[in-house]
Amino acid sequence: MSQDIAEQIKKLSPFMAETSEIFRELSVFFGEGSKIPVNNSDLAKFIGNKRLYRVIRLKGESYKDCVYQLVDDHPESMEALGMLRYYKAPAGRIQWEEIEKAEIAMGKELTTNAYGWMPDAWTLFQKEIPGQARDDMSTAESDNSAHELVAILAFDFGD
């Protein structure tokens, strides 16, 4: 985990436990190793006052399958204020066209209310070849051939 990212999270949300799932996933999303650069300003947009967070992990035969699982099995995700998500590509060649299909499906399945997500960002990490585990991602418990989506959601806590 990048110490700089951890410090930024602590500064923006001083009461968020470093051992929490949301802290860990934000550290992964904004940390090193992504195949698509992320904008660190999205961290400040995502962490706000009076917010609750949720992490949803999905596995499927394709990235698009993961998107449909998110939409069909977790309709509450459409009520989120913000969504950060990352795909975990199976070991081997990254199939960028399949990720593009998943993001197009995400756009088609969303209601107009969901387009207000701030932020709405995604990136991609490639799973390691067995025997090359990384500390910041739980690849040991993952199936290296499955497509995965990890959605990090922010909800309004209310008054």
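Once all protein chains are placed together, W122 keeps about 80 Å² accessible to a 1.4 angstrom probe. Counting only residues at least eight positions apart within a chain, or on another chain, the lysines with an alpha carbon under 17 Å from that of K11 are K45, K50.
Cross-link reach is defined here as a Cα-Cα straight distance under 25 Å, omitting same-chain residues fewer than 8 places apart; for K101 the lysines meeting it are K35, K59, K64, K88, K127. What the phi angles of the range 43-55 give under the Karplus curve with 6.51, -1.76 and 1.60, with θ = phi - 60°, is a coupling list of 4, 5, 5, 6, 8, x, 6, 6, 10, 10, 10, 8, 10 Hz, glycine and proline written as x. Restricting the chymotrypsin sites (Phe, Trp or Tyr not before Pro) of the range 1-79 to loop positions (DSSP other than H, G, I, E, B) with no more than 13 neighbouring Cβ atoms within 10 Å leaves F15. Near the amide H of R85, within less than 5 Å, lie the amide hydrogens of A121, W122, T123, I152, all on another chain or at least 5 residues away, with H placed in the peptide plane. Put a plus charge on the Cβ of each Lys and Arg, a minus charge on the Cβ of each Asp and Glu, and nothing anywhere else: the dipole of the range 1-98 about its Cα centre is then about 240 debye.
The values are calculated or read from the model by the stated rules, or taken from the named source; none is laboratory data. This one's a predicted model, so the numbers in the text were calculated from it and none came from an experiment. For neighbour counting, all protein chains shown are included, and Cβ atoms are generated from backbone atoms with ideal geometry for every residue, glycine included. Accessible surface areas use protein heavy atoms only, side chains included; no ligands, DNA or RNA. Shrake-Rupley method; radii C 1.70, N 1.55, O 1.52, S 1.80 Å.
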